[in-house]
Amino acid sequence: MGKGIRIKDVSKINWKEVVRYDEDSPTGLVWINPPSGVKGGRKQAGGLCTNGGEPHMARIRYKGEAYPIHRIIWFMFHGSIDNNLVIDHLDGNPWNNKFDNLFIKTLGDNARNAKMYSSNTSGIAGVSIMDNGSGNKYAMATWRDENLKPRSKYFSFDKLGEEQAIQLAAEFRKQKIQELINIGFQYTERHGL
């Protein structure tokens, strides 16, 4: 697991005594007996969280702690989760906690199912338009190598022109991704969309 990423251990609670899986619930879970303090005795367990207005995840508060619902659902069906693994939402919707949308993966495999970041400046996944602070712009191709180490290569607008720099950065990144695929890494069809 990457530095600074803390995964909440859901295995310390017998969730089957607290909640039950329900695909009709917006979070995927409903309370068996809502704990005191749950507003209006709401059946839906937990809530849907956003990050900058974008869907982020569904969480449940229980005994003063917040837990990610997708990990609880996986645990309820499978009984264990290695804390070095993540639960991927195959359709990319972090609010869709239907069991058939969840799949356990390494952090790297999860990243290879990631959509393009909303902060992307070029419209091409893994390619950003950057400024070195002196007014010199360039296209930067980024990817993670087989050890998940971030890598990048720069293409100067001054030397190549804006259009060609962006095109070469996109082609270079595509080549690096293909090299990873050739040695067995799997990228999903929705990666970068």
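Here are a few things to note about the model shown:
- Rolling a 1.4 Å probe over the protein heavy atoms leaves VAL127 with an accessible area of roughly 0 Å².
- The C-alpha atoms of the chain define a longest principal axis, and helix 69-78 lies at about 70 degrees to it.
- Extending 7 Å from the Cα toward the beta-carbon at both ASN33 and SER80 defines two label points whose distance is 3.0 nm.
- Label of the coordinate-derived value, Rg/Rh (Cα atoms, Kirkwood Rh), listed as (i) 1.02; (ii) 1.08; (iii) 0.96: (ii)
- Partner aspartates and glutamates for LYS105 [C-alpha distance under 18 Å; skip if fewer than 8 residues away on the same chain]: ASP9, ASP82, ASP88, ASP91, ASP145, GLU146, GLU189
- Using alpha-carbon coordinates, inclination of helix 162-182 to the longest axis of the chain, degrees: 60
- Here the extension length gained between LYS137 and GLU23 equals 36.2 nm, from 0.36 nm per residue of separation less the Cα-Cα distance.
The values are calculated or read from the model by the stated rules, or taken from the named source; none is laboratory data. The structure displayed is predicted, hence computed values, not measured ones. Ideal geometry is used to build each Cβ from the backbone, glycine not excepted, and the neighbour counts take in all protein chains shown. Heads up: the accessible areas ignore ligands, DNA and RNA and are worked out on the full protein's heavy atoms, side chains in. Shrake-Rupley method; radii C 1.70, N 1.55, O 1.52, S 1.80 Å.
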